[in-house]
Amino acid sequence: VADMHEENKAAANGCSKIRSGAQNGAALLALMEKTGYSMVQQNGQRKFGGPPPGWEGPPPPRGCEVFVGKIPRDMYEDELVPVFERAGKIYELRLMMEFSGENRGYAFVMYTTKEEAQLAIKILNNYEIRPGKFIGVCVSLDNCRLFIGAIPKDKKKEEILNEMKKVTEGVVDVIVYPNATDKTKNRGFAFVEYESHRAAAMARRRLIPGTFQPWGHTIQVDWADPEKVVDEETMQRVKVLYVRNLMISTTEDKIKAEFNKFKPGVVERVKKLRDYAFVHFFHREDAVAAMSIMNGKCIDGASIEVTLAKPVNKESSWKQHFNGQISPSSENLLGFPNKEDGAQKSLGKPASLAVRLNGQHSPGPPEVERSTYPIFPGIKLTPISMYSLKLSHFSSAVMHLDYFCHKNSWAPPEYCLYSTTSQDGKILLVYKVLISSIADDSQSYFMPEKLCTTVEDAKELAAQFTLLHLGKHKHF
């Protein structure tokens, strides 16, 4: 205990030099004495607790940790702990530190239960921690899944699983999806699930392109974008099913008829996009029953996969993301759907579509109603400028960026197309976006770090990327 007290004192003093004088070190010592938690600084982070005093047994399970972003750089545990204790008992708080002694603007807080972590997101996301300073709080998951791209399309799940087990340790499962147009082939990518984050990290290092070539192919390896976690309370209300692996030719009417079979009239509507669909039910219990009956069934010769569609929390709306509330894996925040077989790094459905079709708030622009209406004779049509519409009328990032520039009285964005050739001879494209009106600002060029196979996707991605970066500095 004496040693631990000395260690605590050293950790507190370590920051007293940086924070304005000894009283700040004293504030941390007072916090440790009051709570009984220890504090250790190592590898660029300072750990409060983990475990807390008197803790017995294993650490809390997956899903108990939250990521906290946009923390003022001169704020430390003596201010943060009381705020985060409002949601429940802290198992561990890890504050990322600079050499200078300031914090790095983000931290991880692990609670003792998942419910406390969900409550923290609910009550502390967008919380005004100091006047005009709002923190962002979202779920933090240790990623145990790798995305493997550029695999031969004729390989089956078992072959991929065996190949991965041969060269990496801790493989639990491989998830492969059939091609939308030819169900005998895969989509050219797979997800490999490992038993732990550490096993996945070791495997990622082992699989770096060039060092390992399964079937004589150079593969792409990256972290899979984490699945969106939706709290239990929200999932209990979902009455929309997400159906994947449909045939391109299967119609919405056919899907509706199949899902209505077990109990006629339960399906409200069906929305199908390429080889996946959302089936809306009038009642929750019918959706749950249909899920268990229909999962694995064949429609038009395709074995379908049926799950509950995941809505997005109302908190995570378009504007909040644009205010720079960005988690460590922010690539997927805007969730514009990928076109067919563009290696989609997140498992499951394109985030925004599921959400928008679920009638919940969307992470992309609020959903535009996509239905079409007949033009009857005598209906009066009036010329209108797109700039007089509301933000909610745009579903494409390209249109959104035009609107955004117009609202800020800037010149329209200029798009400059670049191409390169991939290892397998495919032409890959990327757009650079120039917004000349902000040339005096910190940055006027924006270019995503992803290449696309089609011009439309490249333009959409570039606009999305530009909006995300502009949104960090400007408000709508």
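Before moving on, here are some points about what is shown:
- Calculated P(r) tail over 14 Å for the stretch 237-279, as whole % of Cα pairs: 42 percent
- Share of carbon and sulfur in the accessible area of the stretch 192-295 stands at 51%, probe radius 1.4 Å.
- Sequence-ordered 3J(HN,Hα) estimates for the stretch 134-147 from the Karplus curve with 6.51, -1.76 and 1.60 and θ = phi - 60° stand at 10, 8, x, 10, 9, 5, 10, 10, 5, 7, 10, 10, 9, 9 Hz, glycine and proline given as x.
- Each peptide in 405-418, 450-463 was scored by the mean count of other Cβ atoms within 10 Å over its residues; highest first, the order is 450-463, 405-418.
- In this structure, the residue pairs whose Cα-Cα separation is over 22 Å, taken from 407/450; 157/261; 272/390; 183/272; 272/459; 156/459, are 407/450; 157/261; 272/390; 272/459; 156/459.
- Under the Debye formula (equal points on every Cα, no solvent term), log10 I(q)/I(0) of the stretch 210-292 at q = 0.14, 0.16, 0.17 Å⁻¹: -0.62, -0.71, -0.76
- Efficiency of FRET from Cβ geometry, residue 86 and residue 45, R₀ 25 Å, rounded to 0.05: 0.65
- Positive-pole candidate from 249, 260, 175, dipole of the stretch 128-272, charges at beta carbon: 249
- According to the calculation over all Cα-Cα pairs in the stretch 142-209, the P(r) per 5 Å bin from zero is 4, 18, 30, 23, 15, 7, 3, 0 %.
- Order by protection proxy (mean Cβ within 10 Å, highest first), peptides 275-288, 177-190: 275-288, 177-190
- Segments 118-131, 191-204 sorted - mean Cβ within 10 Å per residue, highest first: 191-204, 118-131
- Tail fraction, Cα-Cα pairs, the stretch 31-188, threshold 22 Å, whole percent: 54 percent
The values are calculated or read from the model by the stated rules, or taken from the named source; none is laboratory data. Since this is a predicted model, take the numbers as computed values, not measurements. Please note: Cβ atoms are built from the backbone with ideal geometry, for glycine as well, and neighbour counts cover all protein chains shown. Surface accessibility is based on the protein's heavy atoms, side chains included, excluding ligands, DNA and RNA. Shrake-Rupley method; radii C 1.70, N 1.55, O 1.52, S 1.80 Å.
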